[in-house]
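Notes for the one structure printed next.
The values are calculated or read from the model by the stated rules, or taken from the named source; none is laboratory data. From a predicted model like this one, the values you see are computed outputs, not experimental measurements. Ideal geometry is used to build each Cβ from the backbone, glycine not excepted, and the neighbour counts take in all protein chains shown. Remember, those area values only see protein heavy atoms, side chains included, never the ligands or the DNA or RNA. Shrake-Rupley method; radii C 1.70, N 1.55, O 1.52, S 1.80 Å.
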Amino acid sequence: MTAFVTDLSGDFRHACAARIEGFLRTATFDRPTLVIDTDVVLQNFRALSQGLGDAHIHYAVKANPEPQVIEALVNAGSHFDAASRGEIELCLSQGARPEDISFGNTVKKPGDIAFAYNVGVTLFAADAEEELDKIAEHAPGAEVYIRLIVEASGADWPLTRKFGCAPDHAVALMDYALSLGLRPVGVSFHVGSQTRKAEMWAPVLDRIADVWRAARAEGHALDLLNIGGGFPAFYGEDIAAPAIYAAQVREMVAERFGDLARLMAEPGRGLVAEAGMIAAEVVLVSRKSPDDLHRWVYLDIGMFSGLAETMDEAIRYQFVTARDGERTGPCILAGPSCDSADVLYEKRMIDLPLGLKSGDRVFIRSCGAYTSSYSSVGFNGFPPLDVVVM
Ligand SMILES: *Cc1c(COP(=O)(O)O)cnc(C)c1O
């Protein structure tokens with residue numbers, strides 16, 4: 001094991017959080033605001049790069065499309081995984097080279113494929129015949145990798161069902177790609193977002209290695225393995241330092257795939273989550289009746305304005321208040337919108353200070369990933385719904 005990799009976990013995490021928190025304390029905002037520290041993004045980039053060795057890191061832009069985040073990563077030498085024309089344009093506008101951008105969405109519009117091809121993007125994902133048809137028509141001769149479905153690995157935010165083909169269909173898709181004049185160069189998968197332990201990758205990598213071997217046995221000269229994202233962020237539960245976690249994954253890959261000409265990883269959350277903290281505010285603290293055991297705390301931010309990953313209480317954020325240290329008790333935490341689904345935590349209530357009241361500021365830690373992007377009108381670079389009045 002690569003045990004000598006610098007462990008930047010505990011102390012470093014603490015210092016980062018303290019720095020962002022310090023900034024939030026001295027600033028005032030009149031609405032919920034995400035504050036991002038790009039130094040933390042770069043530190044995470046270096047840590048994952050160190051652990052992954054020769055792999056190219058393609059930042060999954062959807063995790064946080066803030067132009068300054070992209071720019072910082074361009075300057076650090078990162079590559080990018082884009083899911084739409086909008087994300088490709090964003091990366092190019094911040095100085096990324098088109099050959100460093102992969103078009104990783106397996107569901108692409110023909111016009112977007114043509115756009116990508118015309119600006120010089122050469123690497124595309126696919127998981128179905130029809131998608132390969134589109135790529136062959138609008139990006140003739142391009143390199144493609146086949147996305148595979150993998151079993152849920154126990155990730156906190158699984159990404160399994162929607163994307164990928166059945167592993168035993170992969171070779172047929174490679175054959176088909178070849179017949180269309182495309183260049184099937186490899187495979188990809190996503191182990192599931194927030195995969196807390198590196199060991200959870202092992203069975204998934206076993207399955208991918210089976211497909212890899214089968215494809216090579218059929219004569220496909222694969223040279224690209226794309227291991228996707230899944231690198232975890234700290235939300236209060238213990239996780240390994242990024243460099244150590246990444247080195248463990250790299251080692252498991254080496255054990256199964258030997259020397260790889262091209263290895264690619266697509267971290268999103270692992271690069272940006274801990275680089276951000278949200279400043280929010282308590283709007284109301286109430287009970288439904290004087291003897292109600294349940295205390296409800298309503299924030300000015302909720303499921304539809306940034307905290308989408310609280311869906312099914314999947315991601316449990318950490319909250320900081322000015323009353324920390326006072327006596328606490330459980331509460332149901334909810335957002336401000338008039339939709340009854342806008343409840344953040346109820347099955348597993350959150351402990352917050354009993355003295356909390358309307359107007360109190362609340363800081364939410366590790367909010368740099370999948371917050372601003374989900375709450376924007378244009379998630380993942382897809383334009384918002386147009387409205388026409390007749
Ligand atoms: C969202 C996404 C990622 C990033 O996943 P994380 O778990 O945030 O690292 C990587 N690859 C693809 C194809 C994605 O859709």
Cut-off 15 Å between beta-carbons: net charge of the residues surrounding Gly258, Lys and Arg +1, Asp and Glu -1: -2
Amide H contacts of Val343 (H built 1.01 Å from N, under 5 Å, at least 5 apart or other chain): Gly335
FRET efficiency, 1/(1 + (r/R0)^6) with R0 35 Å, evaluated for Ala152 and Leu354 via beta carbons: 0.35
In Hz, Karplus ³J(HN,Hα) per residue of segment 271-276 (6.51, -1.76, 1.60; θ = phi - 60°; x = Gly, Pro): 8, 10, 4, 6, 7, x
³J(HN,Hα) computed for each position of segment 132-140 - Karplus, 6.51 cos²θ - 1.76 cosθ + 1.60, integer Hz, glycine/proline x: 5, 4, 5, 5, 4, 6, 9, 9, x
Cβ-based charge dipole, segment 39-272, positive-most Cα from Met200, Ile70, Ala254: Ile70
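Within the accessible area of the chain, what % is carbon and sulfur when the probe is 1.4 Å and the other protein chains stay in place?
The value for the chain is 53 percent carbon and sulfur by accessible area.
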Tail fraction, Cα-Cα pairs, the chain, threshold 41 Å, whole percent: 17
Reachable lysines from Lys162, criterion Cα separation under 16 angstrom, eight or more residues apart if same chain: Lys108
Along the chain, longest interval not containing exposed GluC sites (Glu not before Pro), exposed being DSSP loop plus at most 13 other Cβ atoms within 10 Å: 238-390
Choice from Leu123, Leu205, Leu260 with maximal GNM fluctuation in the chain (Cα, 10 Å cutoff): Leu260
Segment 350-372 and segment 140-168: distance between their alpha carbon centers, rounded to Å: 34
Phi to ³J(HN,Hα) by Karplus 6.51 cos²θ - 1.76 cosθ + 1.60 over segment 119-126, Hz, x for Gly, Pro: 8, x, 6, 10, 10, 10, 9, 8
Whichever aspartates and glutamates have a C-alpha closer than 17 Å to that of Lys62, once near sequence neighbours (fewer than 8 apart) are set aside: Glu71, Asp81, Glu87, Glu89, Asp100, Asp112, Glu266, Glu274, Glu309
Reach of Lys357 by Cα under 20 Å, taken over lysines that are not fewer than 8 positions away in the same chain: Lys288
Under 5 Å, built H, 5+ apart or other chain: amide partners of Arg196: Asp156
Average accessible area per residue (Å²) across the chain - probe 1.4 Å, nucleic acids and ligands excluded: 45
Separation of the Asp223 and Trp296 label points, Cα + 7 Å toward Cβ, nm: 6.1
Sum of -39500 (n - 2.57) over DSSP H runs of 4+, divided by residues of the chain (222 nm, nearest 500): -9500 deg cm²/dmol
Contour minus Cα-Cα distance for Arg161 and Ala202 (0.36 nm per residue): 12.8 nm
Net lengthening on full extension, Arg19/Asp210 (0.36 nm per residue, minus Cα-Cα): 64.2 nm
Pair Glu71, Ala261: separation of 7 Å Cα→Cβ label points (nm): 3.7
Cut-off under 5 Å, modelled amide H: who pairs with Leu352 long-range: Gly329, Cys331
